[in-house]
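*Asks:* Quick one: the structure is below, questions incoming.
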Amino acid sequence: MGTVVHVYSDGAAYEVEFFTPAGDTWAVVTIEASDVRPVGPGT
């Protein structure tokens, strides 16, 4: 799981920060919108 920290080109890509279970930053990556799925109830 990660947190979107920046949106590029009207949602074409995202900068996402991923964390360890302890809350430390593990990685920050740029990914395309097609590689993202929302997390919520029932997902």
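Readers should treat all values here as calculations from the given coordinates under stated rules, not as data from a laboratory. Keep in mind that this is a model prediction, so the values were computed, not measured. With ideal geometry, Cβ positions are generated from the backbone for all residues, glycine too; neighbour counts draw on all protein chains shown.
*Asks:* Test of understanding: ordering Glu32, Glu15 by Cβ neighbours within 10 Å, fewest first, what list do you get?
*Replies:* By the 10 Å Cβ count, ascending: Glu32, Glu15.
*Asks:* Using a/c under 1.5 as the rounded threshold, could you call the chain rounded, prolate or oblate? The axes a ≥ b ≥ c are square roots of the C-alpha gyration tensor eigenvalues, and prolate needs a/b larger than b/c, oblate otherwise.
*Replies:* Verdict is oblate for the chain.
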